[in-house]
């Protein structure tokens with residue numbers, strides 16, 4: 001029996017001046033913790049708004065959705081904003097079907113706003 005192949009997943013910060021994370025790949029039980037850690041590290045800088053760009057995400061399961069919801073709840077509790085940007089068609093559809101899009105700021109912005 002061959003080993004199962006897991007598609008690569010990464011989260012990177014756009015640049016040091018912005019609290020804009022870019023997620024690429026599949027977010028599932030095996031990779032959700034990577035996303036969670038990246039968000040928590042960005043939150044340590046206490047940004048007024050933290051955005052996760054999901055345009056490169058091809059799949060997200062309940063573990064990934066949980067990470068996004070937990071980040072949104074922490075932001076609300078701390079008086080900050082949390083948003084997801086440019087979700088792929090598949091991800092946007094899941095956010096709508098699960099009504100999670102009502103609990104998150106969802107943006108079509110391609111990059112951080114000027115002066116952010």
Residues of the stretch 7-33 satisfying the condition of being modelled with pLDDT of 90 or more, more than 19 Å from residue 109 (Cβ to Cβ) and crowded, with 16+ Cβ neighbours inside 10 Å:
25, 26, 27, 28, 31, 32
Identify, please: which residue in the stretch 73-91 is over 13 Å from residue 105 (Cβ atoms) and under 13 Å from the mean Cα position of the chain (by Cα) and is, among those, surrounded by the most Cβ atoms within 10 Å (Cβ to Cβ)?
91
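The values are calculated or read from the model by the stated rules, or taken from the named source; none is laboratory data. Keep in mind that what you see is a predicted model, and the values were worked out from it rather than measured. Cβ sites come from the backbone with ideal geometry, for glycine too, and all protein chains shown count toward neighbours.
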